[in-house]
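Asker: Before I ask anything, here is the structure I am working with.
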Amino acid sequence: MNDGQPNRRGFLSLSGVAALAFAGLGTAAGTASAAGTGAGTAATTLALPPSKLIRVEGNTGPAYFREKAVQRGTVIQSLGFDNVNRRLYFAQLIGGGLQLKGESAPVSADVRGLHGDLAITEWTLGADTAEGAGSAKITGHMYLRGFGHGVGIGVEPSGSSTYLWTEVDAVQDTAEGTSRGRRLCRFKFASSSTPLDATSTSLQKFTPVPGSVNNTAGVDPLNNRLVVRYSLNGMRYRIFDLAAARAGDFSAPLAEIAEPAISIDRNRYGKPSFQGYAVAGRYLYMLHGNSYGYTQDHDGNASTPKIVVSPPGEGNTHLTSVDLNTGQIIRTFRSKAGYTLPFREPEGLAVQIPKASEPDVFRLCMGFASGDTPGARTASVYYKDSLIQP
């Protein structure tokens, strides 16, 4: 979430209904299929092949990075890896106090959030240590104006370059002081202090699902697939071949599910906000949680007091695995990864392949906004790497 801004992720994440029928496949190349946008009936059975599953329960490995600075001092929103060129990208709201090219004065955090202005930080990764901890240095940044909230970011290597998939064409929600992208876009990362505007002709723009809103994207680096999260009669996911999506063809989704609602102890952990997702093979992973000390009217009863749903040192961060062939949850587990961070808010999931020579060995990396001081937040990354062959 954004410091000082309301957060609607929890509302969005809990609106889906588990295991709706799969969509039928479209036939028109170069366009998105309109089939399966609601509950729907299955015209064709979709099935992803078997793959390894990350074990979400159990202990988390050591911090890959802990409390590292990013381009701006706001909380991170999402992260993604270029596993070919060994780069890591963070997306975050720009926040207040920065004057960009074409602006007559510094812009406030409220206006940035409403307009959907994002900062992207690029880190180039060093070698992993024996314990799995990583090293890196910041090698670039970009500013995006009019894009959205940064809930997801897809990272696609192309030779020595990196292309990013993000939401775009921000739709403002003045009541909540935030925005969400109406469409998706793809662009080459190019470090610059000159902002990239949502109206730029250099952007490839896509509407994978007609009539949808709240579109975000991620990339499955193991299988070169694009995952699209969107809202249309509830939050949903579709999986596409990455090359086809890049060419603008969304007619043949490989899988589609409704976002399932997680089942946890509401009296203790409330309704954690949705904070990120990632796909590896047949499985979707979701991240939920709030920052330490977060209070919530967890039972919808105005006569009862709010409770602290994310106690310091414990938190309410939950990691969930989902079968993309059925839409059913496999396991939800409360993670204490990074529990000693003084400020800890889960923000983003990404799949990392540590060694190019072992492409089937991967990690599920969890991002955490950290740092005690608002306006000077940092980024931490922890990971799960216990693989199961179902």
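The values are calculated or read from the model by the stated rules, or taken from the named source; none is laboratory data. On a predicted model such as this, the values are computed, not experimentally measured, just so you know. Note: ideal-geometry Cβ built from the backbone for every residue, glycine included; neighbour counts use all protein chains shown. For accessibility, only protein heavy atoms count, side chains too; no ligands or nucleic acids. Shrake-Rupley method; radii C 1.70, N 1.55, O 1.52, S 1.80 Å.
Asker: Of all residues in the range 154-169 being within 21 Å of L232 (Cβ to Cβ) and either at pLDDT below 95 or within 15 Å of the chain's Cα centre (by Cα) (or both), which is surrounded by the most Cβ atoms within 10 Å (Cβ to Cβ)?
Answerer: This residue is E167.
Asker: Within the set of pairs 6+ apart or on separate chains, which have a first residue in the range 59-72 that is under 11 Å from A369 (Cα atoms), a second that is open to solvent by 40 Å² or more (accessible area, probe 1.4 Å), and C-beta atoms under 8 Å apart?
Answerer: Short answer, once both residue conditions are applied: K68/A136; A69/I138; V70/I138.
Asker: Quick check: is even one residue across the range 226-248 touching a Phe, Trp or Tyr at 6+ places or on another chain (Cβ under 8 Å) and more than 22 Å from G281 (Cβ to Cβ)?
Answerer: Checked the range 226-248: at least one residue is touching a Phe, Trp or Tyr at 6+ places or on another chain (Cβ under 8 Å) and more than 22 Å from G281 (Cβ to Cβ).
Asker: Criterion first (out of contact with any Lys or Arg (no Cβ under 6 Å at 6 or more places or on another chain) and either over 23 Å from S212 (Cβ atoms) or open to solvent by less than 20 Å² (accessible area, probe 1.4 Å) (or both)) does G126 satisfy it?
Answerer: Yes.
Asker: Output the residues belonging to the range 277-329 that are in contact with a helix residue (DSSP H, G or I) (Cβ under 9 Å, 6 or more places away or on another chain) and outside any loop (DSSP other than H, G, I, E, B).
Answerer: Passing the criteria: M286, H288, Q296, I307, H318.
Asker: Now a separate question. Of all residues in the range 352-376, which are closer than 22 Å to N290 by Cα and open to solvent by less than 10 Å² (accessible area, probe 1.4 Å)? Even if it seems obvious, please write down each step before you answer.
Answerer: Within the range 352-376, the subset closer than 22 Å to N290 by Cα is 364-376.
Matches in the range 352-376: L364, C365, M366, G367, F368, A369, S370, G371.
Asker: Can you pull out every residue in the range 104-134 that is over 24 Å from G375 (Cα atoms) and in a loop (DSSP other than H, G, I, E, B)?
Answerer: Those that are over 24 Å from G375 (Cα atoms) and in a loop (DSSP other than H, G, I, E, B): G126, A127, D128, T129, A130, E131, G132, A133, G134.
Asker: When residues of the range 236-259 are filtered for being part of a loop (DSSP other than H, G, I, E, B) and crowded, with 24+ Cβ neighbours inside 10 Å, how many remain?
Answerer: Step one: of the range 236-259, the residues part of a loop (DSSP other than H, G, I, E, B) are 247-254, 259.
Now restrict to residues that are crowded, with 24+ Cβ neighbours inside 10 Å: 250, 253, 259.
So the answer is 3.
Asker: Further, regarding this structure: Name the single residue that is farthest from R112 (Cα to Cα) among those in the range 74-92 being open to solvent by less than 20 Å² (accessible area, probe 1.4 Å) and in a loop (DSSP other than H, G, I, E, B).
Answerer: Narrowing the range 74-92 to residues open to solvent by less than 20 Å² (accessible area, probe 1.4 Å): 74-82, 88-92.
Going one step further and asking which of them are in a loop (DSSP other than H, G, I, E, B), we end up with 74-75.
On the way: T74: 12, V75: 14 Å.
Looking at the filtered set, the residue picked out is V75.
Asker: Follow-up question, since we're still on this one. Name every residue in the range 56-67 that is in a loop (DSSP other than H, G, I, E, B) and buried (at least 16 other Cβ atoms within 10 Å of the Cβ), in order of residue number.
Answerer: Filtering the range 56-67 down to residues in a loop (DSSP other than H, G, I, E, B) leaves 56-64.
Of everything in the range 56-67, those that are in a loop (DSSP other than H, G, I, E, B) and buried (at least 16 other Cβ atoms within 10 Å of the Cβ) turn out to be V56, T60, G61, A63, Y64.
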